[in-house]
Structure formats: C-alpha cells, structure tokens
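Peer 1: What follows is a structure written as structure tokens; I'll ask about it next.
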Ligand SMILES: [Mg+2]
C-alpha cells in the first residue's frame, strides 16, 4: 500500500526550502549528504513515539508533528548543540492524507523556527510509530555533558516544573483542574535550544527534563558521582500546578512528572550572574551521594519518597 508512492517525498520533501549550507544533498537519493564545518563535532540523537505508549490514540496530528521534533531538538539543546538537520521515519496503519498534512504542518512550523532541514526519511506500514533522528553541531570539546557536575555547583532549571504533568493528569481524568498552560506544555513543548547554546559557554552539566526532575537530575548525579540537595520552596511552579498541589497534597508531582522538556543544569557559584533570568536556582551539588530535598527545613531522601509515591 505504502510502496505505491513515497509518503516522505509527497508530504515532506520541500526542495526549495533547504536552508542550511551544510546540507549538500537532501531528500531524493539513497542517502543525504552533509558537510561538517571545521572545528565542530556532530551531535546525534533519536527518539521514538508509539501510539498508546507515548501518546493517546486520536491525538491531534499537528501536535504530534510538533512534539516529535521538539523532544529531539530538546536532546540537542541539553548537550549545547545547534540543530542542523533531521531524518524522519513513520510507521503508519494507513495513508491518511488529512492526518499527514496536519502532522507535516506541526513538524515544519517548528523545523522552520530553528532552520532545521529534513534531509531524508522512510515510511512503513504498521501500528502508528513516529521516529526522528536529529543532528546538530557543537564546537569541538564544548558540549554539555551529564558527567561534568562539580561539588558546590548550583542547580538550575528553566521555565517551571510540572505543567506537562498536570496536562497529562487532566487527559487521564485524574484531575478536573483545566489549565491551558498545562495543555500547551504537554502538547507542544518548546525545546530550549537557545538556552542550551547560551549556557554551553559556562555551565558544567546539563540534561533535559523528559522523565521528571528526580530521574533526570539523578542521571547527572550518577554520571558525575556526586549528590544534591533540592530546596522545595525554590521550585518554579505555575499558579495552576500550585493550585493542583493545594487541592491534592501531591507535592511530588512536579518533581516526578515528565514531558516538560525544560533544561536542568549546574553552574559554578562564581558564574551564576551569567544565567538567564527565566532560569531558577533550585539546589546545590554536594559530595554526599543521593538526592535530598529540603522541605520547610526538614531534609529527606527524595528518591525514596518518589519511589514510595509510585509503588
Ligand atoms: Mg534527554
């Protein structure tokens, strides 16, 4: 069915819109060709979204196109790379033109914002599964690694925490609290590409929050062989997330819910003046292993609390 015509060429090839000088050859041959500028390293990442696992059936395809690209660009942002080009692989139950056009619209509106070229792809038939591979450039030796946090670094997060988690709880019917901020963050997160580039000059370690702060900051701590203490009162929370916590007492939600795609990064104290204002200091890297939280003066093990919360 899909072999009768090439879905990628029909819905996604835009020969007039190659924007990058690095794209030597785009869609249309067996491979794309890229040239890597002198002094740069190529950053590569891939993320797959499966219907029923990563998104609900009947999700707005324009949102899916946006989010699939956003989650990949967010991984480039977290290493401090500038997005360059992407590959797209779609497994589709059938060729639905209306769905594909809406998906492409969401995908390209974000691709155009970051001047990312779609340089190739593939389609097959099967359960709805969406994959992007993203390629970016980072100045040689300047990437932000999970393993670079140092004792004494301050821990920062961009934006606010828990909005996407609140959106998911609403879609799951677990809260009646309707929040447009939460739904926007859940459906169409905006990757922090500019922030990643900015902080790559001075930050030590960085990760994007895809699985929740406890888990993602945990990756930094493990790979840097350090611990941390987070200050509950310093967490940036939207009014709607605060209202949810007030209603339910579920104060762990913004720490454990994923999908916000904000950046969490560590900065040495002498360089904190360089951190942009929309980032918030939430804690400090410590020598003692583990992740702790200071809640109203009481310090406790945060990973243990998060574990109890889920079991
Ligand atoms: Mg990531």
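Peer 1: Using the alpha-carbon atoms, what tilt in degrees (0 to 90, nearest 10) does helix 61-79 show relative to the longest principal axis of the chain?
Peer 2: The angle comes out near 60 degrees.
Peer 1: Ok, one more. Could you tell me which of rounded, prolate or oblate describes region 146-310, using a ≥ b ≥ c as the square roots of the eigenvalues of the alpha-carbon gyration tensor, with rounded for a/c under 1.5 and, failing that, prolate when a/b is larger than b/c and oblate otherwise?
Peer 2: Since a/c reaches 1.5 but b/c is at least a/b, the shape of region 146-310 is classed as oblate.
Peer 1: Which percentage, to the nearest 5, of the DSSP beta bridges contained in the chain is antiparallel?
Peer 2: Expressed as a percentage, antiparallel bridges in the chain total about 75.
Peer 1: May I pose another question? Along Cα→Cβ, 7 Å out, is where each label goes; now give me the distance between the ones at residue 50 and residue 29 in nm to one decimal.
Peer 2: 3.5
Peer 1: On a 0 to 90 degree scale, rounded to 10, what angle separates helix 213-224 from the longest Cα axis of the chain?
Peer 2: Compared with the principal axis, the helix lies near 90 degrees.
Peer 1: Also, quick follow-up: How much of the DSSP beta bridge set in region 1-156 is antiparallel, as a percent to the nearest 5?
Peer 2: The antiparallel proportion sits near 70 percent.
Peer 1: Now for a different question. Using the Cα gyration tensor of region 1-117, with a ≥ b ≥ c the square roots of its eigenvalues, what is the shape: rounded (a/c below 1.5), prolate (a/b larger than b/c) or oblate (neither)?
Peer 2: It comes out oblate by the Cα gyration axes.
Peer 1: Using Cβ counts within 10 Å as a stand-in for footprinting exposure, how do 279, 206 rank, fewest first?
Peer 2: With the fewest neighbours first, 279, 206 line up as 279, 206.
Peer 1: Can you give me the C-alpha center-to-center distance between region 175-206 and region 63-117, rounded to a whole angstrom?
Peer 2: Taking the Cα centre of region 63-117 as reference, the centre of region 175-206 is 16 Å away.
Peer 1: Can you put 79, 282 in order of Cβ neighbours within 10 angstrom, beginning with the fewest?
Peer 2: 79, 282
Peer 1: Next question, about the same structure. What ranking of 214, 53, 151 emerges when the number of other C-beta atoms within 10 Å of each C-beta is taken as an exposure proxy, fewest first?
Peer 2: Ordered by Cβ neighbours within 10 Å, fewest first: 53, 151, 214.
Peer 1: Now for a different question. Which angle from 0 to 90°, rounded to the nearest 10, does the C-alpha axis of helix 239-248 make with the longest principal axis of the chain?
Peer 2: 60
Peer 1: Would the chain count as rounded, prolate or oblate if I go by the C-alpha gyration tensor, calling it rounded below 1.5 in a/c and otherwise prolate when a/b exceeds b/c, oblate otherwise?
Peer 2: oblate
Peer 1: Based solely on its DSSP helices, what 222 nm [θ] is calculated for the chain when runs of n ≥ 4 H residues each add -39,500 (n - 2.57) and the sum is averaged over all residues, nearest 500 deg cm²/dmol?
Peer 2: -9000 deg cm²/dmol
Bear in mind these aren't lab numbers, they're just calculated from the coordinates by the rules spelled out. The shown structure was predicted, so the numbers you read here are calculated from the model rather than taken from an experiment. Counting neighbours? That spans all protein chains shown, and the Cβs are built from the backbone with ideal geometry, glycine included.
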